[in-house]
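The values are calculated or read from the model by the stated rules, or taken from the named source; none is laboratory data. Bear in mind that the values here come from a model prediction, so they are computed numbers and not experimental data. FYI the Cβ positions are ideal-geometry reconstructions off the backbone, even for glycines, and counts take in every protein chain you see.
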Amino acid sequence: MSRFLTASVILLTLLVTAQAAERKPNVVILFTDDQGTLDVNCYGSTDLYTPSMDRIAAEGVRFTQAYAHTVCCPARAMFMTGRYPQRSNVNHWTQGNLKSPFGRNMDLSEVTLAEALKSAGYKTALFGKWHLGAAATHGPTKQGFDVFFGHRGGFIDNYNHFFLHGKGFHDLYRGTTEQFRRGEYFPDLVTDEALRYIESNKDSLFLLYLAFNIPHYPEQGDVKFAERYKDLPMPRRSYATMISTTDGRVGRVLAKLDELKLTDDTIVIFMSDNGHSAEHNTIRFDDHNSGLRKGHYYGAHGGGGNTGKWRGHKGQFYEGGIRVPAMIRYPRALPKGVVRGQAVTACDWMPTVLDLCGVAKPKGVTFDGSSLVPIIKDNAPSHYKVLHWQWHLQWAVREGDWKLIGGPRDRVELVNLADPEPERVNHAKQRPEVVKRLRGLHDAWVKQVSPTP
């Protein structure tokens, strides 16, 4: 080979390498619904079969002190905006039915992750659950998503696609156009949409937000897992089936990335929105809009989640309600098999993604979260000195191991995460100075995040 040809090959190789290094990553977000604190095998729930979720941890970074919120809506607002949900009008249940009178919707002035990436040349899609306001004037396609297929409100039955509380309503849409796919299994519908989207955009930069509606009730799991869990007691048996059902759909997405050789160049983020549900629910009307009979059970059988030493579940500000599984994988740029114990929150994902994608923070936006890259790469300390949550009239503030939980009628509970049995003793009467300090932190935070009249 001539010197000229050799030099040309070397130059071409360097050029290709440089182009690969400069390429922005794709982003895939796998957001699960009501998956509790330790409910993945790699988090210690060895009675669960979760090979796909475990793979993300083995090939990426797993967080053991990751916080979302106590219910669905505020957690999704945090994830999508990098900001406390109170800033965006999400401090109570958002409008669920597109056909109902206008209600609470996330403010259109909020800049979502989808809007930020779209402005940087990304194609964007959401398949699954939005739950930040169902109004046709708002919603995913009004806040950065090119494509949306799923339900605009909260949970739905997986086969008839009706919201089941009250008298119920149908909730399946492509954009704002209602879809009728009765009898088809919703987790497969949205996973199939996601796989087609990856395939059709394999040569483009894309953001795919796959917001699963499971393991949230109704617990209509994949029958192939029934035999695996037949010896587990209820309610763990039913819930475990839903966890593996979710894992199976996660696995299909990871396999598609492998097939198209996109794995190394794709950021995959996995997180749950809150702790496991402990609800009991039945249809209460003879003429329910879904057609289901009165008395039909669709709840979570009292709750089958595993929180280990932590107390609580969805709807509570104990650790079991707000501490969730969270992982990130990006083979080209992040370490593998790493575990981080620093406190992180759902607010951190938007600044993290923008950092890894080399996309500037939107002008005029104040993030409440921060990029996790220093924690991931350098094991830097958590950037949180104090942690805050609020949902309607309930709230919590944590400083160190102390957590003050407040509610209506000025009720407060002071608990400690370092107690032998964490959060089971109320120290409020014995430590009034701690109560006063934490209440002051909460009051100051409320003033900071409340919208200006």
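Overview of results
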quantity	calculated
Positions within segment 329-387 being among the β-branched types (Val, Ile, Thr) and either in contact with an Asp or Glu (Cβ under 7 Å, 6 or more places away or on another chain) or in the same structural domain as Glu399 (by TED's automatic domain parsing) (or both), in sequence order	Val373, Val386
Selected residue [closer than 26 Å to Glu115 by Cα, surrounded by fewer than 16 Cβ atoms within 10 Å (Cβ to Cβ) and at pLDDT 95 or above] from Asp287, Asp264, Asp273	Asp264
Residue check for Gln430: of a type in the set (S, T, N, Q) and within 21 Å of Pro85 (Cβ to Cβ)	no
Selection count, segment 128-155, where residues are within 23 Å of His165 (Cβ to Cβ), assigned to a strand (DSSP E or B) and either more than 18 Å from the chain's Cα centre (by Cα) or in contact (Cβ under 8 Å) with a residue 60 or more places away in the chain (or both)	4
Count of segment 220-232 residues which are over 15 Å from Asp39 (Cα atoms), out of contact with any strand residue (DSSP E or B) (no Cβ under 9 Å at 6 or more places or on another chain) and part of a loop (DSSP other than H, G, I, E, B)	6
From the options Asp258, Asp286, Asp231, Asp264, residue that is in contact (Cβ under 8 Å) with a residue 24 or more places away in the chain and acidic (Asp, Glu)	Asp264
Any hit, segment 72-81, residues being assigned by TED's automatic domain parsing to the domain that holds His276, modelled with pLDDT of 95 or more, hydroxyl-bearing (Ser, Thr, Tyr) and surrounded by fewer than 21 Cβ atoms within 10 Å (Cβ to Cβ)	no
Condition met for Ala226 (of a type outside the set (Ser, Thr, Tyr), at pLDDT below 95 and farther than 15 Å from Gly251 by Cα)	yes
Test: residue in segment 226-245 that is farther than 13 Å from Tyr49 by Cα, under 20 Å from the mean Cα position of the chain (by Cα) and surrounded by 14 or more Cβ atoms within 10 Å (Cβ to Cβ)	no
